[in-house]
Each structure stands twice: as C-alpha cells, then as structure tokens.
Amino acid sequence: MRRSEFERAVRDEFGTYGSSLISDLVLTRAGGLTADQALNAGYSPRDVWLALCEEMDVPGERRYGVGRLEPKR
C-alpha cells in the first residue's frame, strides 16, 4: 500500500472525519502515535491503515483493498 492508497482508504472509509482521525487518534499498534506521526516516523502505510482499522473497529471485510485505484481499462 502506498501513501496515496492509504489516504484514499481513509477518505473512502471515514469520509471527512478521516483527516481528524489521522491527526488526533492515538494508535495502540503504532506505539501510541497518531497515524500522521507513525507515517512520518517510517511506519508502512499498510501497517498504519490496519492499526487505524483496529482502533476504529472497522470490519475485516473492509480492511483490505480499500483505497486501491480502479483498474485501467
């Protein structure tokens, strides 16, 4: 997962609320960092995405593939 895919996944799952989540919500799986802090510290976007999903109780079926661009036709 690239950073752009992470950002799209956050937007798709959480809408406008997503920007607040990534800057304010402390992620247990990311050592007590926010998503922004974790990404800036070098955590992979996929790991941060999964940590965010866990913290927000996103169902498993919506944790993978969200944020991927539609295939080119």
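In region 10-21, the residues that are farther than 15 Å from L39 by Cα form Cβ pairs under 9 Å with partners that are surrounded by 14 or more Cβ atoms within 10 Å (Cβ to Cβ) and among the polar types (S, T, N, Q), at six or more places apart or across chains, as follows: R11/S19.
Out of region 1-13, which residues are surrounded by 15 or more Cβ atoms within 10 Å (Cβ to Cβ) and either of a type in the set (D, E) or in contact with a Leu (Cβ under 6 Å, 6 or more places away or on another chain) (or both)?
Passing the criteria: E5, E7, E13.
Note on region 19-51: residues that are among the aromatic types (F, W, Y) and in a strand (DSSP E or B) total 0. One residue stands out among those in region 19-44 that are small (G, A, S), buried (at least 18 other Cβ atoms within 10 Å of the Cβ) and under 16 Å from R63 (Cβ atoms): the one that is modelled with the lowest pLDDT, which is A30. Scan region 1-47 for residues that are of a type in the set (A, V, I, L, M, F, W, C) and in contact with a strand residue (DSSP E or B) (Cβ under 7 Å, 6 or more places away or on another chain) and the total you get is 8. Only residues that are farther than 12 Å from F14 by Cβ, surrounded by fewer than 20 Cβ atoms within 10 Å (Cβ to Cβ) and aliphatic (A, V, I, L, M) were counted in region 45-65, giving 1. Screening M1 on (1) assigned to a loop (DSSP other than H, G, I, E, B); (2) modelled with pLDDT of 90 or more; (3) under 12 Å from the mean Cα position of the chain (by Cα) shows it passes everything except condition (2).
Scanning region 1-34 for residues being more than 14 Å from L50 (Cα to Cα) and in contact with a Ser or Thr (Cβ under 8 Å, 6 or more places away or on another chain) gives a total of 2.
The values are calculated or read from the model by the stated rules, or taken from the named source; none is laboratory data. Predicted model, so just to flag it, every value in this text is computed and none were measured. Heads up, the Cβs are rebuilt from the backbone with ideal geometry, glycines too, and the neighbour counts pull from every protein chain shown.
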